[in-house]
Protein chains: 2
Amino acid sequence: MSGKGEFDFIRDRLAPLAAGFKGALGLKDDAALLSVRAGRELVITADTLVEGRHFLKDTDPALVARKALAANLSDLAAMAARPLAYMTNIVWPSGSPEDFRTRFADGLALAQDDYALPLIGGDTTSGDGPWVIAITAFGEVPAGRAVLRSGARISDRLVVTGRIGDACLGLKVAQKQYQPSSEDAEYLVGRLNLPTPRLPLAEALQAHAHAAIDVSDGLIADARHIADASGLGVTIELDELPLSDAARRWLDEQDDTRAARLQLASFGDDYELACAVPEARVDTFLAELRKGGVDGRVVGHFHDGTGAAVLSDGQAVEAGAGGFTHF
Amino acid sequence: MSGKGEFDFIRDRLAPLAAGFKGALGLKDDAALLSVRAGRELVITADTLVEGRHFLKDTDPALVARKALAANLSDLAAMAARPLAYMTNIVWPSGSPEDFRTRFADGLALAQDDYALPLIGGDTTSGDGPWVIAITAFGEVPAGRAVLRSGARISDRLVVTGRIGDACLGLKVAQKQYQPSSEDAEYLVGRLNLPTPRLPLAEALQAHAHAAIDVSDGLIADARHIADASGLGVTIELDELPLSDAARRWLDEQDDTRAARLQLASFGDDYELACAVPEARVDTFLAELRKGGVDGRVVGHFHDGTGAAVLSDGQAVEAGAGGFTHF
């Protein structure tokens, strides 16, 4: 416990993160208050991260905080929502030093500055087990305009933003299974540790996308989530995978490039968006993404049927589960 | 993991709890949607429970679910809010049997029936540590009408609902430190395991209370939370503590009844409400509580100063911290 109690930590380290937001009530009350503007719906998402399972043990707590918030905001981005506020529920490992907790609060402070978001509540406790962080993020969307997983239609294109597979390679670098140039190492580990939620794309999604999801389980698995929810099948063209230069250099070193691409498309943590967009609107959608500072690429399409088919060079590839189940 | 994965558990056991609520999106999407009526504010509260810290190890998971939801709704009750929905974030102990998880889902099903509430989201994962359950509950209140901790004024009476101390004795019974009649044992353990959130009192609170809190840390500590937040002091009359017949029978067996009352007023988990009510409105407030099926009693008052003073028979009693800090 190292001397400072729950109330002290909340008052000294968390309450300042709530200072600018009246409804947080200084984190001193039984609950928080949040107003939603007329004609808007609230969008709520929650994720639980467990040390050793969702992030490596001994990761800097500040980085964990920043990634946890980014990952939640990525869920809001996938719904085409604008973020409003967030809450944290934390179980510290018993006996964790005060510095551990202040590093976490420092990371939250940085992250909420990035997104101009207030902390509005939550709690902290401790337990004889791994560190657990649950974050709940709140956003808003014009009523009825949230982009769901279930809206894909036959012949919609599967569009993915940004680059896929960097986080997979970042983990290899962090675990010393891959040693690229220091520049590539920094880029890849950065993409693993600090994903960029695609929040600026909300209006483009609302205007053009039938369905969307953020890529957290792996592109193949997440494209399949859209297909399942929409009662369709999806085909993914492995050769169209948008790769960073760093990922391309890794790929060049692999003997079986098809297996290597499959690996990149099956690992999660990209926090890019995968969207179902009607063919006629793809060009407009891609142009709007570029205005938002992000590339998009067509990597497949939705069709009658079920499940996810993966093609490379016109041939079917056995994809397995295509994604990671945390359980 | 015993065979069934995260997706299966969510689909088979949690999704049915969300079936009646469109914005839950079948628990299949990245986030949930919640509408708030015009002129209302959203009230949000979250609590994290850790096995072995907040409840005894080997407690029936169904009971844990029911108490966890009740405790969160108690926070909404303290804000004078009407509950709308809830989310769960769960870390199962690695290797917990499927029956453990289904018992938890059964408990949630019972609890949400009691309060006519839908589950709208959350997640489940597992970890090599104790079982962790975080519940986030959502309510609404007419804008500006939430009852805060910070509104108490000088000479307001401290009113408490129901009975104080039953949960303290329920724990003694559960831990075999106290063996009353089987009827008292059942009552006291029931009060520990299944508190009754005082939701029907929302309108009375909005109409008459300057401040309120739910008694989770102990009556003395929680009255002091109101006093601190309001920039006042509070005096608590220990002899006015509202006791159940079962608690009274326990008290009769104690040598030092003052120390015994202090113990009941210092233990948490009562989930009654402590309110600051202007003296002129106390009778009306108590009458409205009775209409809501709950007794209330004046047990103290707020005044200039700081901290909590405890009196018994006109004499000051040393109360110590007066409440439990989870950390």
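Things worth noting here:
- Among the residues making up the range A:167-180, those that are under 12 Å from A:ARG249 (Cα atoms) and either in contact (Cβ under 8 Å) with a residue 40 or more places away in the chain or outside the structural domain of A:LEU243 (by TED's automatic domain parsing) (or both) are A:LEU169, A:TYR178, A:PRO180.
Residues checked against (1) assigned to a helix (DSSP H, G or I); (2) out of contact with any His (no Cβ under 7 Å at 6 or more places or on another chain); (3) more than 10 Å from chain A (Cβ to nearest Cβ):
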{"site": "B:TYR86", "(1), (2), (3)": "no, yes, yes"}
{"site": "B:TRP92", "(1), (2), (3)": "no, yes, no"}
{"site": "B:ASP113", "(1), (2), (3)": "yes, yes, yes"}
{"site": "B:THR125", "(1), (2), (3)": "no, no, no"}
{"site": "B:VAL141", "(1), (2), (3)": "no, yes, no"}
{"site": "B:ALA146", "(1), (2), (3)": "no, yes, no"}
{"site": "B:ILE154", "(1), (2), (3)": "no, no, yes"}
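Residue by residue, here is whether (1) surrounded by fewer than 18 Cβ atoms within 10 Å (Cβ to Cβ); (2) over 30 Å from B:ALA276 (Cβ atoms); (3) free of Cβ contacts under 8 Å to residues at least 40 places away in the same chain holds:
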residue	(1), (2), (3)
B:ARG101	no, yes, no
B:ASP106	yes, yes, no
B:ASP113	yes, yes, yes
B:THR124	no, yes, no
B:ASP128	yes, yes, yes
B:TRP131	no, yes, no
B:ILE164	no, no, no
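- Filtered residue count, the range A:23-68, keeping only those that are closer than 17 Å to B:ALA31 by Cα and either part of a helix (DSSP H, G or I) or not assigned by TED's automatic domain parsing to the domain that holds A:GLU98 (or both): 1
- B:GLY268 vs. criteria assigned to a strand (DSSP E or B), touching a residue at least 40 places away in the same chain (Cβ under 8 Å) and in contact with an Asp or Glu (Cβ under 9 Å, 6 or more places away or on another chain): no
- Scan of the range B:35-67 for residues that are more than 8 Å from chain A (Cβ to nearest Cβ) and among the hydroxyl-bearing types (Ser, Thr, Tyr), ordered by number: B:THR59
- Enumeration of residues in the range A:73-83 that are at the interface with chain B (Cβ under 10 Å from one of its Cβ atoms) and not in a helix (DSSP H, G or I): A:MET79, A:ALA81
- Residue within the range A:255-268 that is at pLDDT below 95 and within 18 Å of A:ARG198 (Cα to Cα) present: yes
- Check on A:VAL234, β-branched (Val, Ile, Thr) and not in a helix (DSSP H, G or I): yes
- Whether a residue is within 14 Å of the chain's Cα centre (by Cα), away from chain B (no Cβ under 12 Å) and under 21 Å from B:THR45 (Cα atoms) was assessed, and A:ALA70 does not pass this test.
- Filtered residues of the range A:203-232 (kept if on the phi > 0 side of the Ramachandran plot and buried (at least 24 other Cβ atoms within 10 Å of the Cβ)): A:GLY218
- Scanning the range B:1-26 for residues that are at pLDDT 90 or above and aliphatic (A, V, I, L, M) gives B:LEU14, B:ALA15, B:LEU17, B:ALA18, B:ALA19, B:ALA24, B:LEU25.
- Every listed requirement among (1) of a type in the set (A, V, I, L, M, F, W, C); (2) crowded, with 19+ Cβ neighbours inside 10 Å; (3) without any contact (Cβ under 8 Å) to a residue 40 or more places away in the chain is met by B:ALA31 save one, (3).
- Within the range A:207-230, residues that are more than 10 Å from every other protein chain (Cβ to nearest Cβ) and under 21 Å from A:GLU288 (Cβ atoms) sit with their Cβ atoms under 6 Å from residues that are outside any helix (DSSP H, G or I) and among the acidic types (Asp, Glu), at 6+ positions apart or across chains, in these pairs: A:HIS210/A:ASP156; A:VAL215/A:ASP270; A:VAL215/A:GLU272.
- Any chance A:ALA32 is among the small types (Gly, Ala, Ser) and more than 7 Å from chain B (Cβ to nearest Cβ): no
Residue-by-condition table, conditions (1) of a type outside the set (A, V, I, L, M, F, W, C); (2) farther than 30 Å from A:PRO197 by Cβ; (3) touching a residue at least 60 places away in the same chain (Cβ under 8 Å); (4) surrounded by fewer than 24 Cβ atoms within 10 Å (Cβ to Cβ):
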site	(1), (2), (3), (4)
B:ILE44	no, no, yes, no
B:ARG66	yes, yes, yes, yes
B:SER74	yes, yes, yes, no
B:MET79	no, yes, yes, no
B:ARG82	yes, yes, yes, yes
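- Qualifying residue in the range A:9-16 (condition: away from chain B (no Cβ under 11 Å) and under 29 Å from A:ASP269 (Cα atoms)): yes
- Test: A:ASP99 is more than 22 Å from B:LEU42 (Cα to Cα), more than 23 Å from the chain's Cα centre (by Cα), in a helix (DSSP H, G or I) and not hydrophobic (A, V, I, L, M, F, W, C): yes
Yes or no, residue by residue, for (1) of a type outside the set (Val, Ile, Thr); (2) touching a Phe, Trp or Tyr at 6+ places or on another chain (Cβ under 7 Å):
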residue: B:THR45; (1), (2): no, no
residue: B:VAL50; (1), (2): no, no
residue: B:PHE55; (1), (2): yes, no
residue: B:ALA62; (1), (2): yes, yes
residue: B:ALA65; (1), (2): yes, yes
residue: B:LEU69; (1), (2): yes, yes
residue: B:ALA80; (1), (2): yes, no
residue: B:PRO83; (1), (2): yes, yes
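The values are calculated or read from the model by the stated rules, or taken from the named source; none is laboratory data. The structure presented is a predicted model; accordingly, all values stated were derived computationally and were not measured. Note: ideal-geometry Cβ built from the backbone for every residue, glycine included; neighbour counts use all protein chains shown.
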